[in-house]
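**Q** There's a structure below that I have some questions on.
The values are calculated or read from the model by the stated rules, or taken from the named source; none is laboratory data. Bear in mind that the values here come from a model prediction, so they are computed numbers and not experimental data. No Cβ is skipped: glycine too gets one built from the backbone with ideal geometry, and neighbour counts run over all protein chains shown. Accessible surface is based on the protein model in full, side chains and every heavy atom, while ligands, DNA and RNA are left aside. Shrake-Rupley method; radii C 1.70, N 1.55, O 1.52, S 1.80 Å.
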Amino acid sequence: MAERCFASFLLMEPTVATVMTLPAEVREKLAELELELSEGDITQKGYEKKRAKLLAPYIPQIQGVDPSLQIENRIHGSSQPAPAVSKQQQKSRASNSRDERFRSDVHTEAVQAALAKYKERKMPMPSKRRSVLVQSSVEACTPPDTSSASEDEGSLRRPGPPSVERWFNRVIQGSSTSSSASSTSSHPGGWPLGQASAAATAATVLADLMAQSQIDNHSAPPDVTTGLSQRAMHTERPQLASVRGVPRGLHNTTILETADGFPPPIEGTSSLLQDGVPVNSRVSSKIQQLLNTLKRPKRPPLREFFLDDFEELLDVQQPDPNQPKPEGPAMSPLAGEPPGVVTNWPPSLLAAMQRWGTTQPKTPCLSALDNSGKPVYTLTYGKLWSRSVKLAYTLLNKLSTKNEPLLRPGDRVALVFPNSDPVMFMVAFYGCLLVELVPVPIEVPLTRKDAGSQQIGFLLGSCGVTLALTTDACQKGLPKAQTGEVVTFKGWPRLLWFVIDGKHLTKPPKDWHPLVRDASNDIAYIEYKTSKEDSTMGIAVSHAAMLAHCHALTQACGYAEAETITNVLDFKRDAGLWHGVLTSVMNRMHVISIPYSLMKVNPLSWIQKVHSYKARVAVVKSRDMHWSLLSQRDQRDVNLSSLRMLIVADGANPWSISSCDAFLNVFQARGLRPEVICPCASSSEALTVAIRRPPEMDVPPPGKAVLSMTGLSHSVIRVDSEEKLSVLTVQDVGQVMPGALVCVVRMEGTPYLCKTDEVGEICVGSNTTGIAYYGLPGITKNVFETIPLTAAGVPLTDRHFTRTGLLGFVGPDKLVFVVGKMDGLMVVSGRRHNADDIVATALAVEPMKFVYRGRIAVFSLTVLHDERVVVVAEQRPDASEEDSFQWMSRILQAIDSIHQVGVYCLALVPANTLPKAPLGGIHISETKQRFLEGDLHPCNVLMCPHTCVTNLPKPRQKQPEVGPASVVVGNLVAGKRIAQACGRDVAALEDNDQARKFLYMQDVLQWRAQSTPDHPLFLLLNAKGTVASTATCLQLHKRAERVALGLMEKGRLNAGDHVALVYPPGVDLIATFYGCLYGLCAVTVRPHPQNLATTLPTVRMIVEVSKSVCILTTQAIMKLLKSKEASAAVDVKSWPIILDTDDLPRKKPLQMYKPPTPEMLAYLDFSVSTTGILAGVKMSHAATSALCRSIKLQCELYPSRQIAICLDPYCGLGFALWCLCSVYSGHQSILVPPLELESNVSLWLSAVSQFKVRVTFCSYSVMEMCTKGLGTQTDALRVKGVNLSCVRTCMVVAEERPRIALTQSFSKLFKDLGLSARAVSTTFGCRVNVAVCLQGTAGPDPTTVYLDMRALRHDRVRLVERGSPHSLPLMESGKILPGVRVIIANTETKGPLGDSHLGEIWVSSPHNATGYYTVYGEEALHADHFSTKLSFGDTATVWARSGYLGFLRRTDLTDANGERHDALYVVGSLNETLELRGMRYHPIDIETSVIRAHKSIAECAVFTWTNLLVVVVELDGSEQEALDLVPLVTNVVLEEHYLIVGVVVVVDPGVIPINSRGEKQRMHLRDGFLADQLDPIYVAYNM
C-alpha cells in the first residue's frame, strides 16, 4: 500500500527528484484511511484533510502547483478508491491479490500528473454576447447520479459518491462555480466567490473573465506567424471585459479606453506595440495572446520545401522509423472447448417452449417490474405458450386484405415495445417464430425527430416491413396524425399497427396447433445495429444459429434448469435478448427483468432483486455497477452471496475494469465473491465471442495487462513495465465460446493473420454467428464470409469467419483481451486511437465537477485528408464561462499528454441537449451528424487547428519569374505570344460624330441646345415609377449658365477653384456639374440624408482632401449640413461656404470662361476603395471627351436611342453614364436612383419594360436587390405586363471580378419575363481608367473559363474543365473599349507576360486619368500608377497600372474587325489579396466557400491581421446557431484553401460595410473589429 500512495504522490509531481520512503506506521495509517473512505465511514473532505496531515512532513511545497493537487491522488469525485488492505486481510483474500500496477484508478492519477506538468498556458478566451450565455432549461436540475455518457459510459467515469447534501447546497446557493478547492483562485484579482458570482449576475456588462495563469516565456522556437517581433508584451493583467451595454454609436467613447484593464496610452506615446497591435483594444490584446500561444508550437515546424510547380503536395506524414513494430510469431487460431452433447435437448427453441409450456405450465418464466420495483406481472411458461399460440393464429388467419392473407411465412414484422414491457415482447417474439414470421425488434419512436429514427425507417423499408406489433398503451403514446392514425415517421415506410393485447387476439380452435419445426437455416429474427457512419443495418440470425448459440451459452455459463437470472439489459437485442429471452426459455429459467426507467429512479434495484430472489446469475453493464456505487450507502442489508455469475455484458469495453474493481471493493463485504465477475465480449454480427467462465468450471485465473497506449496506437502490444502516464489497464473477457474458432486479423485490407504481439480485429468461425446483413450482399461478403490468410497468403481453413468489429489480441492462458471497437477507431496521422480511451481521459480530468452526468461524445471527422478528433460534452447548468474555458484547456493538455494526439474541436453543449440513444447513452452518429450540419448549438467551442493540422502543403517559396534577360522575339515572350490587346482604333472609325469637333463638353451642350433645343436628354423617375423631372438640351444649358453666373456673383470664386457638389441623384446634379465646367473643377460627393451620422464624416473628408472652397447643394441638404444632428458627427463650423442652387438669378451671362487647354482639369473623381483608401483622380477635359466618344462607339449611342441607368452618379463609370454620355451622344437617359429601389424593388425593371429600353446599366447591389426582392414575384410582374425581351445588353458596372453566380441567378430568374440569357454582361473600370471594358452591342458574347484555384494561389493560370475539383468560373469582363490598349505585366519585374499568364493589367488610352489628387503628398508613391513603362520589350509606351490582376486569352471567336478576339479576365484587386503561406489568396474565393458552409451565413468577409486569417460571418438566424458556424467555417477553409482560420467573428446581418457599388469594405470592417465596434455575437480564437 505504501508503494501505491507514494507512487501516486510521485505521479502528481514528477519534478521531485528525491525519492523518500515513508515510515511503516505512516503507510499503515494511510491504508486504514483508504479503507474508511471506501466503506463510507469518512467523507471525502475528511479523508483528504487527514491524508494531507499525514503526508505534510514528507512533501516539500512545490511552487506553481495547486497545493490541492500535491496532496491529492484523485480529484474530487474521482473513482471509488481501491481500499487499502492491512496485511492480515490480504492473506485472507489471496484469491484476489491485486498487483499494484493493475489499479484501475491509475488513469485518473496519470491524467492529474499530466496536468500538473503543464504550467497553464494563457489562451485568449472567446468573447460572447450576454444573450448567447442563456442556458437552455435543464430538466428540473436532476441530481448528478443517474445517467450515461457513451453507450458504455458508466464504466468510463470514475467518480466517488458526491454527497447529495453538497449537491443540494450548491443548487440552493446558486453559486456559479462548483465547490472546488481552486474555485476562488480562478477569479482574477482573487475575489471571494460570493462577490464574484454576485457581480457576474448583477452586471451583464462583465464578460469573459480571463483565467489567471502564467505564460511560459521560453526562448521562442521558430515563429509560426512569420516575421512578428518576438518582443511581445507578456505582462498580462487580469482582463475585465469591455462594457457590453453601450449602444453601438458610442463605442468610440472613453468607456472603452480603460475597459480592458489596460491604462489608456499616455498622450504623445504611441498606442501601438512593436507588433503593431493597439493596446487599448480588447480584441487586439486577445489576438496578441493568440499569437503568443501560437509562437510556441508543440508540433515540429514544417520542413522547408521548394515547390517548382503549383501542384500543392499535402505533407504526407512520414512513418516514424522508431515506432514500435510487431515482432512476435504469427498467431495460431484459438479453439473453444468442444460443444457438449446432451441427449434430451429439444431440436429447436420453439420445441423447448412447447415442452415447458405443456409439461411445466406453472413454472415462472419472466417477472416484469414497475417503476417502484414491485413485480407487476409474472409470465409462466404455460401462459407464454398459450398466448404465443393465440397470437400466431391471429397473425396467420385473421389479418387479411381483399381475402388475401396479409402475411406469409418469411415476411418481416416490426416489434415496437417499450423497455418496461418484456412480457408482451416475449409473447410477440415467440408468436412470430411459431408462424415463421421474422421479428425485427426496434425502439419505440417517441417523436418524429428521434435520434437515428430515419435510419431505422430505412432498415424497415429495406426489410419490406408492412406490419408493426405493439401494445395498447404504447400505441396510445405514439404521435398521431389528424385522422387519428399513427403518423408516418420521417423516412419510414407506411405501416399497419396491430395491437396484441389479449382482447384483440382470436382464440384458436381446439384442433389448431402450430407446426413446431426443427431448427433450420431460415432467418429466425433480424437485430438492428447502427454503424459508425450512421447507417443502420439488420443482422439476420438463422434458427440453427439461434439454437446453437443458446447451447453454447448454456455450456459456457453452466446454466441449469429453473435458475433465477436478473437482467438489466435491453431485452430486444444483444446480450439482453440472448440471455433473458432465448437461452432462459431453453433452460426453463426464471428471468427478473429490470427496466431502464427503474434503474434511473433506483440504481440499486438490480442488487436488491438479486438479494430478494436469491438470483444465481445477473446480466449487467458496467454502468449499472457504477450507478449502484453512487447510491450504495442507502442499502446496507443486501447480500450477493447467491450470485455464481455476474455477467458484465460490455466487458469488451477496456474501461469496464474500473467499474468491476470499484464494485468489488464495495460489495465484497456484502457477500460478492471476486471470481463471480465474468466479463464477456460480444458483437451484433458474431453474437457472444468470449465469456469468462464461472468459478466452478475450473478455468485459469483471470488476467490483466498494463499496455502502453503509444504501442496500441501503432497496433502493437507492449506490456508497460513502469507505471507510466499513458497506459491502458485491461482485463480479459474470458475464453472462446464452445465449438468456436477465433483468430485476429489485420484491421484494414486483406485479412492476414496478426502476429502474437499485434492488435487486430477478432474474427470468429462458428455456427453460432449471424448469417448476413439483410439485403446487403456486398458488405455481407466482407464481414460474414472472411477467410483469414497466413503471411504466405494461404487460407487458414476453408470455413468462413465473421468479423466481430472488436479490436484485441489473444493473451496467455488462451484468454481473449479486447482493447477497443472498430466503430470507435480514429486514425490520426497514421496512429490509431480509440474514442472510449479519449472519453476516459476527458472524464478523469474532472469527472463530476464539470461534465453534466459524464456525458461526453468523441468522434472523428475527415478534414484535409486526415481524421480529426472532436470532443463534445454536456456542461453542468451552473458552470460559468470561466469554468468551461479552464476545463477545455485542461482537456486539451490531458489528451495531448496521455494520447499524444491533438483535439481538433472541443464543443460544450448545454445539459440534456445531446441526442440520446434509446437506453441512455449518447447517440454518437447523430451527434456527429448534427455537428456537421451546424445543428448542435454548442454554448462553447474551442478549435485547435494550429496544433492538429500538420499536413498542410509546404509554404511556397517564390522563384524569380521571367526577368529582363529573357529574350523577346517579335511578339513572343518566353516562347508565348505577348499578352496584349486593344479595342478598335478610334481614328479609323468614321462615324458622323458632330460632337468630335468640340474639345469641351460644355461646348457640346451649347451646340445641342442650339441645334436640337427640345430634344429630351434626361428623365428622372421617382419610387412610384412616374417621371419626377426632365431636362431637354436647352433647359439643361440654361440651368448650367445660371449656376455659372450664381457662382461668380455669390461665391466670388476664381477660375480653377474646386467646388464640392452635394446633391441627391437627379437633374440638379447634372445641371450644376455643367455650370462648374465654365472655369471651375467639380467634385461630386454622395450625401445620404437618411443616414447622416455614418456618411457625413466621409463627405467632410472629401471636401477637405479635395481642397473645395465651396459646397453647392439644395436647400434641404444645406439645412442638414448645418443641423444639430450633423454637429454630432462633424464640426459644422468647419464647412467652407455653402451655396444652395435652388433659386438662382435669371440674368443672361455676359462672357463665359473658356479653359485655355483641354489638358486642364474638368472634374475630380473621388471614391473610397474597398481597402478603405479615399482616392481622387484628376480627369482632364480631353480625357472626359475621349471617354464619352469611346462609350458612344462601343454601345452605338445616337440621339434616337434610350438607355436606362440605375447607378449612383458620384464616381467612376456611374458618373460618366449619368452626367456625361447623354450630352455627348445625344441619347435619352432614363435615370433610376438606386435609393428608390428600397421602397419599390421592381422600379428599374418596370422602367426598362415601359420604355422598351435596349441598353441598360446597373450595379451589383441593384442586381442583388432585384434577385432577393423579386425572386418570388416574377408571376406578379408578368401580370403587370413587365416584359424584358427588348433588352439587348444589361451591363453591370463594376471595379471587381465578375460575380458570375449573381449574374447567372439574375438571368435565370428573369428569363420568364423574356430576359435573354445572353443579355447580361459586366464592365470593368478602375481608378486609373474608369472604363477599360464594356460589352457594348456588337462583338461576340462574353466567354467563361474555369481556372484551377490552387494554381491561382501561385499566380498561375491553369484552365480546367467545368465541374472539376477546385475549379473557379471566371467570366470575361466585357469587350475592350475603342482606343484602349491593355497589356499584362509581371507585378515584380514589370516585364510583359505571355498569353494566359496572370499579371497586373496595364492600360494605355486617351481617357486615362492624369493622376491622383491627394493632399497627403504621396504623389511619388503613386506616380508609377499613371505613367509607367515596361522594363523590356516595348519600353516607349506610357501605361497606367490598374492595380488589378488578370490575364488575356486569345479565343476562337472573331470580333467586329474579323480578327480573333482577345478576352480580358479580371481576377481581383492586388491591394485586396492576402499573402498567406507564401501564396496569394483572393478574399472573394474564401468568402464564397464560407457562405456555402451553413444556411444561416448571410454574408462573409475575410481579412488578415498580423498574419492571422480573420473570418467575419453575418448570422441570419437565431443567436444559438452562432457557435455552430465556428467549426464549419474552419473546416471549409481548411478543405478548400489549405488555410487555418485564426479568428472567427459572428456578427448580426448588415454589419459588414458595403459601398454604393455593392463592394465589401473589408478594411473598414477590420478597423471596426480591432476597435471593438462590431458588437459581435461571438468571437472564437482558434488555437
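**Q** Could you look through region 1488-1499, keep only residues that are out of contact with any strand residue (DSSP E or B) (no Cβ under 7 Å at 6 or more places or on another chain) and not in a helix (DSSP H, G or I), and pick out the one that is surrounded by the fewest Cβ atoms within 10 Å (Cβ to Cβ)?
**A** Among those residues, the one meeting the criterion is Lys1495.
**Q** Only one of (1) open to solvent by 10 Å² or more (accessible area, probe 1.4 Å); (2) touching a strand residue (DSSP E or B) at 6+ places or on another chain (Cβ under 6 Å) fails for Leu1534. Which number is that?
**A** (1)
**Q** For region 1478-1487, name all the residues that are over 16 Å from the mean Cα position of the chain (by Cα) and either buried (at least 19 other Cβ atoms within 10 Å of the Cβ) or not in a loop (DSSP other than H, G, I, E, B) (or both).
**A** Met1479, Arg1480, Tyr1481, His1482, Pro1483, Ile1484, Asp1485
**Q** Under 29 Å from Thr1322 (Cβ atoms) and in contact (Cβ under 8 Å) with a residue 60 or more places away in the chain: which single residue out of Gly1558, Gly1550 fits that description?
**A** Gly1558
**Q** Considering only residues that are within 28 Å of Phe1257 (Cα to Cα) and open to solvent by less than 30 Å² (accessible area, probe 1.4 Å), look in region 1556-1580 and name the one that is modelled with the lowest pLDDT.
**A** Filtering region 1556-1580 for residues that are within 28 Å of Phe1257 (Cα to Cα) and open to solvent by less than 30 Å² (accessible area, probe 1.4 Å), the one modelled with the lowest pLDDT comes out as Gly1558.
**Q** Additional query: If we keep just the residues of region 890-927 that are under 16 Å from Val828 (Cβ atoms) and of a type outside the set (A, V, I, L, M), which is most open to solvent (accessible area, probe 1.4 Å)?
**A** Here the residue is Gln900.
**Q** Right, another one. Looking at region 452-470 only, could you name the residues that are open to solvent by less than 30 Å² (accessible area, probe 1.4 Å) and modelled with pLDDT under 90?
**A** Scanning region 452-470 gives Gly452, Ser453, Ile456, Gly457.
**Q** Go through region 1117-1146 and count every residue that is touching a Lys or Arg at 6+ places or on another chain (Cβ under 8 Å) and basic (Lys, Arg).
**A** Number satisfying all stated conditions: 1.
**Q** On to the next question. So, in region 323-353, how many residues would count as being in contact with a helix residue (DSSP H, G or I) (Cβ under 9 Å, 6 or more places away or on another chain) and either part of a loop (DSSP other than H, G, I, E, B) or open to solvent by 70 Å² or more (accessible area, probe 1.4 Å) (or both)?
**A** Within region 323-353, residues that are in contact with a helix residue (DSSP H, G or I) (Cβ under 9 Å, 6 or more places away or on another chain) and either part of a loop (DSSP other than H, G, I, E, B) or open to solvent by 70 Å² or more (accessible area, probe 1.4 Å) (or both) number 11.
**Q** Kindly indicate the residue of region 1188-1215 that is of a type in the set (A, V, I, L, M) and touching a helix residue (DSSP H, G or I) at 6+ places or on another chain (Cβ under 6 Å) and also nearest to Val1403 (Cα to Cα) among those meeting that condition.
**A** Taking the candidates together, the pick is Ile1191.
**Q** Give region 554-576 a look and list any residue that's among the aliphatic types (A, V, I, L, M) and either more than 51 Å from the chain's Cα centre (by Cα) or closer than 18 Å to Gly921 by Cβ (or both), or say none.
**A** Hits for region 554-576 are Ala560, Ala562, Val568, Leu569, Ala575.
**Q** Could you list all residues from region 1512-1524 that are open to solvent by less than 10 Å² (accessible area, probe 1.4 Å) and under 11 Å from Val1547 (Cβ atoms)?
**A** Of everything in region 1512-1524, those that are open to solvent by less than 10 Å² (accessible area, probe 1.4 Å) and under 11 Å from Val1547 (Cβ atoms) turn out to be Val1512, Val1513, Leu1515, Ala1522.
**Q** How many residues, within region 862-887, are open to solvent by less than 10 Å² (accessible area, probe 1.4 Å) and within 25 Å of Gly920 (Cβ to Cβ)?
**A** Looking only at that region, the number is 9.
**Q** Filter region 412-429 down to the residues that are outside any loop (DSSP other than H, G, I, E, B) and out of contact with any strand residue (DSSP E or B) (no Cβ under 7 Å at 6 or more places or on another chain), then identify the one that is surrounded by the fewest Cβ atoms within 10 Å (Cβ to Cβ).
**A** Met424
**Q** Mind checking which residues of region 1232-1270 are surrounded by fewer than 22 Cβ atoms within 10 Å (Cβ to Cβ) and more than 23 Å from Ser1556 (Cβ to Cβ)?
**A** Gln1250, Phe1251, Lys1252, Arg1254
**Q** Can Val1544 be described as under 17 Å from Pro126 (Cβ atoms), modelled with pLDDT of 90 or more and within 14 Å of the chain's Cα centre (by Cα)?
**A** yes
**Q** Take the residues of region 494-515 that are charged (D, E, K, R) and either part of a loop (DSSP other than H, G, I, E, B) or under 52 Å from the mean Cα position of the chain (by Cα) (or both): which is modelled with the highest pLDDT?
**A** Arg494
**Q** OK, next. Restricting to region 730-760, give me the number of residues that are out of contact with any helix residue (DSSP H, G or I) (no Cβ under 8 Å at 6 or more places or on another chain) and open to solvent by 10 Å² or more (accessible area, probe 1.4 Å).
**A** The number of residues fulfilling the criteria is 13.
One line per residue, one yes/no per condition, for (1) in contact with a His (Cβ under 7 Å, 6 or more places away or on another chain); (2) modelled with pLDDT under 90; (3) not aliphatic (A, V, I, L, M):
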residue: Thr1170; (1), (2), (3): no, yes, yes
residue: Ala1175; (1), (2), (3): no, yes, no
residue: Thr1184; (1), (2), (3): no, no, yes
residue: Arg1189; (1), (2), (3): no, no, yes
residue: Ser1225; (1), (2), (3): no, no, yes
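**Q** Examine region 439-459 for a residue that is part of a strand (DSSP E or B) and among the β-branched types (Val, Ile, Thr), and state whether such a residue exists.
**A** yes
**Q** Kindly indicate whether Tyr1210 is more than 48 Å from the chain's Cα centre (by Cα) and in contact (Cβ under 8 Å) with a residue 12 or more places away in the chain.
**A** So Tyr1210 fails the test.
**Q** Hey, which of the helices (runs of 4 or more DSSP H) in region 516-627, taking only ones fully inside, have at least 1 residues that are within 30 Å of Leu776 (Cα to Cα)?
**A** Result: 543-557, 574-577.
**Q** Within region 461-493, how many residues turn out to be farther than 22 Å from Pro405 by Cα and in a strand (DSSP E or B)?
**A** The total comes to 2.
**Q** Next question. Looking at Phe498 and the list (1) among the aromatic types (Phe, Trp, Tyr); (2) in contact with a helix residue (DSSP H, G or I) (Cβ under 7 Å, 6 or more places away or on another chain); (3) farther than 17 Å from Ala772 by Cα, which single condition is not satisfied?
**A** (2) is the only condition that Phe498 fails.
**Q** I need every pair where a residue in region 42-54 that is of a type in the set (A, V, I, L, M, F, W, C) has its Cβ under 7 Å from the Cβ of a residue that is open to solvent by 100 Å² or more (accessible area, probe 1.4 Å), sequence separation at least 6 or different chains.
**A** Cβ pairs passing all conditions: Leu54/Lys29.
**Q** Residues that are of a type in the set (D, E, K, R) and open to solvent by 10 Å² or more (accessible area, probe 1.4 Å): find the helices (runs of 4 or more DSSP H) completely inside region 1003-1110 holding 3 or more of those.
**A** Answer list for region 1003-1110: 1033-1046.
**Q** Right, something else. Look at region 1500-1518 and say how many of its residues are without any contact (Cβ under 8 Å) to a residue 60 or more places away in the chain and in a strand (DSSP E or B).
**A** 7
**Q** For region 478-502, what are the residues that are open to solvent by less than 80 Å² (accessible area, probe 1.4 Å), touching a residue at least 12 places away in the same chain (Cβ under 8 Å) and within 13 Å of Leu460 (Cβ to Cβ)?
**A** Once the filter is applied, which keeps residues that are open to solvent by less than 80 Å² (accessible area, probe 1.4 Å), touching a residue at least 12 places away in the same chain (Cβ under 8 Å) and within 13 Å of Leu460 (Cβ to Cβ), region 478-502 yields Phe489, Gly491, Trp492, Pro493, Leu495, Trp497.
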